[in-house]
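Here the structure comes first, spelled out in C-alpha cells, and everything after it is commentary.
The values are calculated or read from the model by the stated rules, or taken from the named source; none is laboratory data. No experiment lies behind these values; they were computed from the predicted model shown. Cβ placement follows ideal geometry from the backbone for every residue including glycine, while neighbour counts extend to all protein chains displayed. Remember, those area values only see protein heavy atoms, side chains included, never the ligands or the DNA or RNA. Shrake-Rupley method; radii C 1.70, N 1.55, O 1.52, S 1.80 Å.
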Amino acid sequence: MSSDPPKPYLDPVNQAFIDSLANLPPFEFLSVEEFRAAFEQLQAHDPLPGVTRTSFTVPFENGIKTFVFKPTGATGALPVIFYIHGGGWIAGSCVTPPFHIQMYKKGWIDADTLRSVNSFDTICRDLALRTGCAVVFPEYTLAPEARYTTKQEECYAVVKWVRSNGHRKSLSRDAFAVAADTAGAQLSTAVTILPSIRTPPIPLRLHVLLNSLTDT
C-alpha cells in the first residue's frame, strides 16, 4: 500500500481556471490598470443565449448606467434581483468601458476580450435564466476614481429608482432581492441597510452573499 499522499484534485472547470492564471504575476503586485486588464481577460466569455439585456441611466449625480437582464419572452412586472458585482472594488464591469479601450490599445487585453460584454454578463444571464427574475446590474463607479461612500450611494440610488419607476421597465416595485459576490458582497451589506434606515423604507426580501469579503 502506497504511503504517498493523495494527489489534490480539482474538477476540470476549476482546473482550467487555475491553469489560466499560471502565466500571470501575483495580483497583489499589479497596478490598478494591470489588475483590471488581467481581471477582464480572465472573465472573457461568450454570452449565454435566452436572455435579453437592456440598459438605462439612473439620474444620480453623473448618471448610473444600469443594465436589466430578463429571460427572453418574459412578460409582466418581474421580481428583481439587484446584482452588486465584485472585483476588489477596483475592477469589474458589465460592458466595455473606456479604460478597456485604452487597455486594448496598449496591448493589455486582446480583441476578443474587448468585444465581449465582460466580467459579470454571464452570472447576470444565468441568474435570470435560473430564477425567472429580472437582474438589475448597477455599473457603479470603481475605486480609486470614486471614494467612499460613492459606490453604496450609487447602488442605493438604483434600488430607489426601481422602487419608484420599476413599472416603466416592467419591473416589480416591491419584490426585491440583493445578490453580490466578493467585494460586491461587502458593498451590498451597506446597500441593504440603507433602504431600512432611510425614508421611505424599501423592503428587501432576500440577501445572497457569494464568497463575501465580510466578517462572520
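A few notes on this one:
- Picking from residues in the stretch 48-77 that are part of a loop (DSSP other than H, G, I, E, B) and among the polar types (S, T, N, Q), the one that is nearest to residue 15 (Cα to Cα) is 72.
- For the stretch 68-86, the count of residues that are buried (at least 17 other Cβ atoms within 10 Å of the Cβ), within 18 Å of residue 132 (Cα to Cα) and hydroxyl-bearing (Ser, Thr, Tyr) is nonzero.
- Only one of 63, 92 that is without any contact (Cβ under 8 Å) to a residue 12 or more places away in the chain, closer than 25 Å to residue 154 by Cβ and of a type in the set (Gly, Ala, Ser): 63
- Taking the criterion of being among the aromatic types (Phe, Trp, Tyr), open to solvent by 70 Å² or more (accessible area, probe 1.4 Å) and under 21 Å from the mean Cα position of the chain (by Cα), the only residue of the stretch 27-41 that qualifies is 27.
- Count of the stretch 1-47 residues, restricted to those that are assigned to a loop (DSSP other than H, G, I, E, B), free of Cβ contacts under 8 Å to residues at least 40 places away in the same chain and over 23 Å from residue 90 (Cα atoms), is 11.
- Scanning the stretch 162-172 for residues that are small (Gly, Ala, Ser) and either in a strand (DSSP E or B) or surrounded by fewer than 17 Cβ atoms within 10 Å (Cβ to Cβ) (or both) turns up 164, 170, 172.
- Complete set of residues in the stretch 1-26 that are among the small types (Gly, Ala, Ser) and open to solvent by less than 100 Å² (accessible area, probe 1.4 Å): 2, 16, 20, 22
- Scoring residue 114 on the criteria (1) assigned to a loop (DSSP other than H, G, I, E, B); (2) open to solvent by 10 Å² or more (accessible area, probe 1.4 Å); (3) modelled with pLDDT under 85 leaves a single failure, condition (1).
- Evaluation of residue 173 against (1) more than 21 Å from residue 88 (Cα to Cα); (2) touching a helix residue (DSSP H, G or I) at 6+ places or on another chain (Cβ under 9 Å); (3) without any contact (Cβ under 8 Å) to a residue 40 or more places away in the chain (one fails), failing number: (3)
Here is a yes/no grid of residues against (1) closer than 22 Å to residue 88 by Cα; (2) modelled with pLDDT of 95 or more; (3) among the hydrophobic types (A, V, I, L, M, F, W, C); (4) part of a helix (DSSP H, G or I):
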residue	(1), (2), (3), (4)
130	no, yes, no, yes
141	yes, no, no, no
154	yes, yes, no, yes
160	no, yes, no, yes
187	yes, no, yes, yes
191	yes, no, yes, yes
209	yes, no, yes, no
216	yes, no, no, no
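- From the list 175, 185, 180, 143, the lone residue that is out of contact with any Asp or Glu (no Cβ under 9 Å at 6 or more places or on another chain), within 30 Å of residue 74 (Cα to Cα), open to solvent by 10 Å² or more (accessible area, probe 1.4 Å) and of a type in the set (A, V, I, L, M, F, W, C) is 175.
- Residue satisfying all of: in the stretch 128-140; surrounded by fewer than 21 Cβ atoms within 10 Å (Cβ to Cβ) and either within 14 Å of the chain's Cα centre (by Cα) or in contact (Cβ under 8 Å) with a residue 40 or more places away in the chain (or both); farthest from residue 52 (Cα to Cα) among these: 131
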